[in-house]
Amino acid sequence: MATALITGASTGIGRELAGLFAGDGHDVILAARSRERLGELANHLRREHGIKPHVFPMDLAAPGAAAALSAEIDKAQLTVDFLVNNAGFGDLARFAERDPATVAAVLQLNIVTLTELCRCYLPAMVARRTGRILNVPSMAGFQPGPHLAVYYPTKAYVLSLSEALHEETRGTGVTVTVLCPGPTDTEFQKRARLADKRLFTLMQVQSAPYVARVGYRAMQRGKAIAVPGAINNFTIQLNRFMPRSWVRRVVKKLQMVD
């Protein structure tokens, strides 16, 4: 029986991914801030699929969170066969007006914790010659993002890191996949204050179950990059041919700050 560690598992894409792993008979390690939501999800997965869920509520945006989480997992004598780095957040604002503590939290969660978890579990996977990692940035990783000027670069980092690790692990029995969804119907847009912006009112918004299925299948197949939806794939390709000045201005209009 394999075990999957899923961060940001309490809602949205992470919750849907937990259901997919459980549906295939895998035990799950669920990590996020909300103890109540994780407990509810764990009970649901236990009832529906008969698997063993393990709940670790913690703030993954806190310094040292990856080490703390891995220590708890080691204490429980669990082996991580699948690692899903789904946790992440952003907050719409002009950079000059952004709270420094929020900037630090975005960097910590989206980059540092994710990287440290990859470094923690990848060596053992390579040694066992089996394992899969799924990192979840977004299409934001392919372009600059005015008014989310820290969030977008963190996603570019995750995209680049994941592609590099995909090549480094070629032939080892381990694969690294990066899932890059576009606008998705989750709690992210509410927390980031994007729900009423053109990014979500004008563009096609995909469902969390659909995005999770695309990412899960891509991970199982060992693909390097998964972008859900033909329109999103076309947009990424179009960005490569548009002048960067145009891309910046379009993104700015899609998520304009009042």
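The values are calculated or read from the model by the stated rules, or taken from the named source; none is laboratory data. This one's a predicted model, so the numbers in the text were calculated from it and none came from an experiment. Every residue, glycine among them, receives a Cβ derived from its backbone with ideal geometry; neighbour counts consider all protein chains shown. These area figures cover heavy atoms from the full protein model, side chains too; ligands, DNA and RNA do not enter into them. Shrake-Rupley method; radii C 1.70, N 1.55, O 1.52, S 1.80 Å.
What's the number of the only condition in (1) in contact (Cβ under 8 Å) with a residue 12 or more places away in the chain; (2) assigned to a loop (DSSP other than H, G, I, E, B) that Gln77 fails to meet?
(1)
Among (1) open to solvent by 50 Å² or more (accessible area, probe 1.4 Å); (2) at pLDDT 95 or above; (3) in a loop (DSSP other than H, G, I, E, B), which single condition is Thr172 missing?
Evaluating Thr172 over (1) open to solvent by 50 Å² or more (accessible area, probe 1.4 Å); (2) at pLDDT 95 or above; (3) in a loop (DSSP other than H, G, I, E, B) leaves (1) as the failure.
If you take the residues of segment 33-49 that are out of contact with any strand residue (DSSP E or B) (no Cβ under 7 Å at 6 or more places or on another chain) and either acidic (Asp, Glu) or open to solvent by less than 20 Å² (accessible area, probe 1.4 Å) (or both), which of them is farthest from Ser70 (Cα to Cα)?
Glu48
To keep it simple, each residue is scored yes or no on (1) farther than 14 Å from Ala2 by Cα; (2) among the acidic types (Asp, Glu); (3) at pLDDT below 95.
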| site | (1), (2), (3) |
| --- | --- |
| Gly12 | yes, no, yes |
| Gly19 | yes, no, no |
| Asp24 | no, yes, no |
| Arg47 | yes, no, no |
| Lys52 | no, no, no |
| Val55 | yes, no, no |
| Ser70 | yes, no, no |
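Name every residue in segment 79-106 that is aromatic (Phe, Trp, Tyr) and open to solvent by 30 Å² or more (accessible area, probe 1.4 Å), in order of residue number.
Once the filter is applied, which keeps residues that are aromatic (Phe, Trp, Tyr) and open to solvent by 30 Å² or more (accessible area, probe 1.4 Å), segment 79-106 yields only Phe95.
Could you please find all residues in segment 1-24 being touching a Gly at 6+ places or on another chain (Cβ under 8 Å) and surrounded by fewer than 21 Cβ atoms within 10 Å (Cβ to Cβ)?
Hit for segment 1-24 is Met1, nothing else.
What is the residue count in segment 121-155 for residues that are surrounded by fewer than 17 Cβ atoms within 10 Å (Cβ to Cβ) and modelled with pLDDT of 95 or more?
Here the count works out to 7.
When residues of segment 110-120 are filtered for being buried (at least 22 other Cβ atoms within 10 Å of the Cβ) and out of contact with any Gly (no Cβ under 6 Å at 6 or more places or on another chain), how many remain?
Result for segment 110-120: 3.
In segment 1-71, which strands (runs of 3 or more DSSP E) lie fully inside it and hold 2 or more residues that are among the polar types (S, T, N, Q) and touching a residue at least 12 places away in the same chain (Cβ under 8 Å)?
Of the strands (runs of 3 or more DSSP E) lying wholly inside segment 1-71, those with at least 2 residues that are among the polar types (S, T, N, Q) and touching a residue at least 12 places away in the same chain (Cβ under 8 Å) span 3-7.
Could you grab me the full set of residues in segment 65-78 that are in contact with a helix residue (DSSP H, G or I) (Cβ under 8 Å, 6 or more places away or on another chain) and open to solvent by 30 Å² or more (accessible area, probe 1.4 Å)?
Ala67 - this is the single residue of segment 65-78 that is in contact with a helix residue (DSSP H, G or I) (Cβ under 8 Å, 6 or more places away or on another chain) and open to solvent by 30 Å² or more (accessible area, probe 1.4 Å).
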